[in-house]
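Colleague: One structure follows; several queries about it will come next.
The values are calculated or read from the model by the stated rules, or taken from the named source; none is laboratory data. Worth saying up front: this structure is predicted, and the values here are computed from it rather than measured. Note: ideal-geometry Cβ built from the backbone for every residue, glycine included; neighbour counts use all protein chains shown. What goes into the accessible areas is simple: the full protein's heavy atoms, side chains included, and nothing from ligands, DNA or RNA. Shrake-Rupley method; radii C 1.70, N 1.55, O 1.52, S 1.80 Å.
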Amino acid sequence: MKWGFRWYGTEGDPIPIQHVKQIPAIDGIVGTLLNKMPGDVWEIDEIKELKAEVQAGDLELLGIESVAIHDAIKAGTDERDQYIDNYIQTIRNLAACDVRLICYSFKPIFGWFKTNMNYELPDGSTTLQFDQSVIDELEPQDLYKRIASQSKGFQISGWEEERLAKFNGLVAMYDGVTEEILFENLKYFLEKVIPVCEEVDVKMAIHPDDPPWEIFDFPRITKNLADLKRIINAVDSPYNGLTFCTGALGADPNNDIPQMIREVGDRINFVHFRNVGFLGEQNFIETAHLSTEGSLDMYAIMEALVDVGYEGLLRPDHGRTVWGEVARPGYGLYDRAMGLTYTQGLHEAITKAKKK
Ligand SMILES: [Mn+2]
């Protein structure tokens, strides 16, 4: 297994890259270019700059998350081919810089979101909470303000004010886009990009819906095992793979995470390792990584990853904010570092036990 860490670059992340390097046995970074809007080509010079920032910390740039998909591609409008061409150019440019993994998602309008980014736990740490009953009282536009007010001044990808300004246009764009149509649009996209990925050796890894159910009646197609199978079968190539996010999928108690790993394991290209704690129906928080702290059995999840022979990149997903750190919500250094160390411990224990 390769151990990674998400980092937002020298400008965008309050965590110095040298501090990330101090996490034991860390292999590299999953990075991003924060200034890129969906549909932009990522130029080689810009990727090289990011790579240099990562290498300054004696780490490797092991992947990107995310190269966002333009809404024209997701909604399947006439403009989609030009944006797919741009995406293909970005894939080629990343390959030219020896970056081999792209995490992306295919969610209309909203990416991930939470209803409370500063939920206080009894020990005084804070974490992210999603409560569907809060959503039920809101209009979609209200979410932008809510998220901006809770993000401590950090720009949250997908929640830029520019997007709010375009919100009504975006809603109109998705008018009539059902789950079936959204899936066909994903398939259309994959049929164009996966042959290029095969040619230049860059693996795609789609991230599941977070939370994994429909929000504001916008269709969602990466919620459960059936969805994941449908996607990997749509274009049958190891380059068309999954970001298996245990916390995103695990927010639905109907998703049996270890079982899902056993079913789609050979198509997992990237793992986000994270626990969640259920507070009620469609109401959960992101807990510390340990099984004892949340609702998921992280041991059983790691055991499934070992059993299917997963040897790719894994990173700790969101963490709590602890020890007074001023951090991007969900992306502080300390709790993610603790989470990764715990994850590495699980991995060592399980792999050694199996050799006996
Ligand atoms: Mn994730």
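Colleague: Over all pairs of distinct alpha carbons, what does the Kirkwood formula give as the hydrodynamic radius of segment 67-120, in Å?
Modeller: Details: mean 1/r = 0.0758 Å⁻¹.
Computed over segment 67-120, the radius equals 13.2 Å.
Colleague: Further, regarding this structure: How many angstrom separate the Cα center of segment 210-256 from the Cα center of segment 59-122?
Modeller: Segment 210-256 and segment 59-122 have Cα centres spaced 15 Å from each other.
Colleague: For the chain, which DSSP H helices look membrane-span-like by this rule: Cα extent along the axis of 18 Å or more and mean Kyte-Doolittle of at least -1.0? Display every interim value, and only then the final one.
Modeller: On the way: long enough: 80-96 (24 Å, -0.73); 179-200 (31 Å, 0.27); 334-355 (32 Å, -0.73).
Answer set is 80-96, 179-200, 334-355.
Colleague: For segment 127-277, what percent of Cα pairs sit more than 20 Å apart? Kindly include the intermediate steps, with their values, before the conclusion.
Modeller: Values: 6540 of 11325 pairs.
Distances greater than 20 Å cover 58 percent of the Cα pairs.
Colleague: What number comes out for the charge environment of ALA96, summing +1 per Lys or Arg and -1 per Asp or Glu over other residues with Cβ under 15 Å away?
Modeller: On the way: positive: LYS48, LYS51, ARG92, ARG100; negative: GLU43, ASP45, GLU46, GLU49, ASP98, GLU199, ASP201.
That works out to -3.
Colleague: Separation between the ASP98 and LEU290 pseudo-spin-labels, each 7 Å from Cα along Cα→Cβ, expressed in nm?
Modeller: 4.0
Colleague: As an exercise, use a Förster radius of 30 Å and the Cβ-Cβ distance of GLU263 and PHE216 to find the FRET efficiency, rounded to the nearest 0.05. Intermediate values should be presented prior to the final figure.
Modeller: Numbers: r = 30 Å, r/R0 = 0.99.
After rounding, the FRET efficiency stands at 0.50.
Colleague: Alpha carbons only, please: Rg and Dmax for segment 1-138, in angstrom.
Modeller: For segment 1-138, the Cα-based Rg and Dmax read 17.6, 52 Å.
Colleague: Give me the tail of P(r) for segment 80-149 as a percent: Cα-Cα pairs with distance above 17 Å. Could the numbers behind the result be given before it?
Modeller: Details: 1522 of 2415 pairs.
Taking all Cα-Cα pairs of segment 80-149, the fraction more than 17 Å apart is 63 percent.
Colleague: I've got another one for you. Among 55-67, 174-186, how do they line up from the highest to the lowest mean number of other beta-carbon atoms within 10 Å? Don't skip to the end; give the middle numbers.
Modeller: Numbers: 55-67: 20.0, 174-186: 15.5.
The packing order, highest mean first, is 55-67, 174-186.
Colleague: For the chain, give the magnitude of the charge dipole about the Cα centre (Cβ charges: +1 Lys/Arg, -1 Asp/Glu; no others), in debye to the nearest 20. Please list the in-between numbers first.
Modeller: Values: 35 positive and 57 negative charges, 197 e Å.
That gives the chain a dipole magnitude of about 940 debye.
Colleague: No solvent, one uniform scatterer per C-alpha: report log10 I(q)/I(0) for segment 242-329 via the Debye equation at q = 0.11 1/Å, two decimals.
Modeller: -0.30
Colleague: Starting from the coordinates of the alpha-carbon atoms of segment 274-318, obtain the Kirkwood hydrodynamic radius over all distinct pairs and give the value in Å to one decimal.
Modeller: On the way: mean 1/r = 0.0870 Å⁻¹.
Here the Kirkwood hydrodynamic radius works out to 11.5 Å.
Colleague: Tell me, rounded to the nearest percent, the portion of alpha carbon pairs in the chain spaced more than 37 Å apart.
Modeller: So the pairs more than 37 Å apart make up 11 percent of the total in the chain.
Colleague: Expected output is a single nm value to one decimal: the length gained when fully extending between ILE181 and LYS21, i.e. 0.36 nm times separation in residues minus the C-alpha distance. What is it?
Modeller: On the way: separation 160, 0.36 × 160 = 57.60 nm, distance 4.35 nm.
In short, 53.3 nm is gained.
Colleague: For GLU79 and ASN35, compute 0.36 nm times the residue count separating them, minus their Cα-Cα distance, and round to one decimal in nm.
Modeller: Values: separation 44, 0.36 × 44 = 15.84 nm, distance 2.20 nm.
Contour length minus Cα-Cα distance gives 13.6 nm.
Colleague: Please give the per residue accessible area of the chain, computed with a probe of 1.4 Å over protein heavy atoms only, in Å².
Modeller: Details: 14440 Å² over 356 residues.
Result: 41 Å² per residue.
Colleague: Here is a follow-up. For ALA56 paired with TRP323, estimate the spin-label separation in nm (one decimal), with each label point 7 Å from Cα along the Cα-to-Cβ line.
Modeller: It works out to 2.3 nm between the two label points.
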